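Below: one structure, written as structure tokens.
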Amino acid sequence: MYRTIIFVILSVACVESAEWAYSGETGPNHWADMEGSFCGDSSQSPIDIVPNDAVYREFEEFTMQGYNLEEDGGSPTLLTNNGHTAVVALEGEYKLTGGGLPSTFTAAQFHLHWGSQLDRGSEHTVSEKSYPAELHIVHFDSNKYADTGSAIAGGGLSLAVLGVFLEVGENENSNYKPFIDMLEAVSYKDDVVSLENDTFSVQDLLPNDVKSFFRYNGSLTTPQCNEVVIWTVFNEAVKISASQLEALRGLHEYEDGDENQHHLVDNYRPVQNLNNRVVYSSFETSSASVSRFSMLLFVICSIVLVTQLS
């Protein structure tokens, strides 16, 4: 069972990829040159989200089955350092529907991206603002596929990823504590630890407001950058403590004893061109509000003018 879970983790992290990194000769600038790569295509992720340019669209609410401990759903099973990030495998009935998604999606894992400084770390940015970290919860279309690997291979919009911005607050986030406290056990690449005795609610990792989000179609943010992802990026950020962020920065990129050893930081892909894609918002941004006000004012003026002329 665990071998299957680890395979699923790796299939999302690096589908059929050769060695790659976040800097140097195998960094993001060279991902498009890899054999079989989609990293140079036109619908890539992450992107810079400009709220004022987002198109307002009314979405139904998400239904998250099994995300709360009080429900009979799934559970986190393994925490892995795969050399690129910290990944928590999810097993069981984590069913995501609604929110404008075209099918039922099942959560397979979540992982994080973070920076070496507070002014960078998130993959998506908002009006060119970066957050110190970003959480991704990866789901596959379980109406069509058995796991993430087959979903990615199948093509189409077969994955749904929930993105959560993380920022530093004054207090420790107790909801993130169960797996962050275990990071010391996976300090080096390929370290794995079981989380079976320390279950926590995936729903508690999300912001309080899950109704306000941005939506667009894009790609995986690691090679091979397959363009198969329906992205949901929540507007509200979640706070973790400075010490919890430091625990992420304490991970190492290589195996224990490797002479090239250094800390795993700045594991995020730079933003990609939007290329005429539409970014939707489930809430009215300031520009949308202004547009609605302008339209209302136009209607009122038209009525007044017609009344005066008659």
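The values are calculated or read from the model by the stated rules, or taken from the named source; none is laboratory data. Just so you know, these numbers come straight off a predicted model, no measurement behind them. In this analysis, Cβ positions are derived from the backbone assuming ideal geometry, glycine residues included, and neighbour counts consider all displayed protein chains. Each accessible area value is taken on the protein alone, full model and side chains, heavy atoms only, with ligands, DNA and RNA left out. Shrake-Rupley method; radii C 1.70, N 1.55, O 1.52, S 1.80 Å.
General observations
- Just so you know, in region 82-93 the residues that are in a loop (DSSP other than H, G, I, E, B) and over 28 Å from G115 (Cβ atoms) include one that is least open to solvent (accessible area, probe 1.4 Å), and it is G92.
- Hey, L183 at pLDDT below 95, over 29 Å from Q44 (Cα atoms) and out of contact with any Gly (no Cβ under 6 Å at 6 or more places or on another chain) or not: no
- Count of region 208-224 residues, restricted to those that are more than 16 Å from V164 (Cα to Cα), part of a loop (DSSP other than H, G, I, E, B) and open to solvent by 40 Å² or more (accessible area, probe 1.4 Å), is 0.
- The one condition from (1) without any contact (Cβ under 8 Å) to a residue 40 or more places away in the chain; (2) open to solvent by 30 Å² or more (accessible area, probe 1.4 Å) that T106 does not meet is (2).
- Meets criteria (buried (at least 16 other Cβ atoms within 10 Å of the Cβ), modelled with pLDDT of 95 or more and not in a loop (DSSP other than H, G, I, E, B)) for L79: yes
- When residues in region 51-76 are screened for being aromatic (F, W, Y) and modelled with pLDDT under 95, 1 of them pass.
- Within region 57-71, residues that are on the phi > 0 side of the Ramachandran plot and touching a residue at least 12 places away in the same chain (Cβ under 8 Å) reach partners that are surrounded by 13 or more Cβ atoms within 10 Å (Cβ to Cβ) and assigned to a loop (DSSP other than H, G, I, E, B) with beta carbons closer than 9 Å, at six or more positions or on different chains, in the pairs G66/G73; G66/G74; G66/G92; G66/E93; G66/Y94; G66/V202.
- Restricting region 31-76 to residues that are over 20 Å from the mean Cα position of the chain (by Cα) and aliphatic (A, V, I, L, M), the residue that is surrounded by the fewest Cβ atoms within 10 Å (Cβ to Cβ): V55
- Looking across region 225-260, the residues that are open to solvent by less than 10 Å² (accessible area, probe 1.4 Å), in a strand (DSSP E or B) and in contact with a Ser or Thr (Cβ under 8 Å, 6 or more places away or on another chain) come down to V229, W231, F234.
- Number of the condition not met by A185 [criteria: (1) part of a loop (DSSP other than H, G, I, E, B); (2) touching a strand residue (DSSP E or B) at 6+ places or on another chain (Cβ under 8 Å)]: (1)
- Test: residue in region 166-179 that is in a loop (DSSP other than H, G, I, E, B) and β-branched (V, I, T): no
- Filter result (assigned to a loop (DSSP other than H, G, I, E, B) and either open to solvent by less than 10 Å² (accessible area, probe 1.4 Å) or basic (K, R) (or both)) within region 135-165: K144, S158
- Contacts under 6 angstrom Cβ, first residue in region 82-103 being among the acidic types (D, E), partner outside any strand (DSSP E or B) and surrounded by 19 or more Cβ atoms within 10 Å (Cβ to Cβ), 6 or more apart: E91/G74; E93/G66; E93/G73; E93/G74
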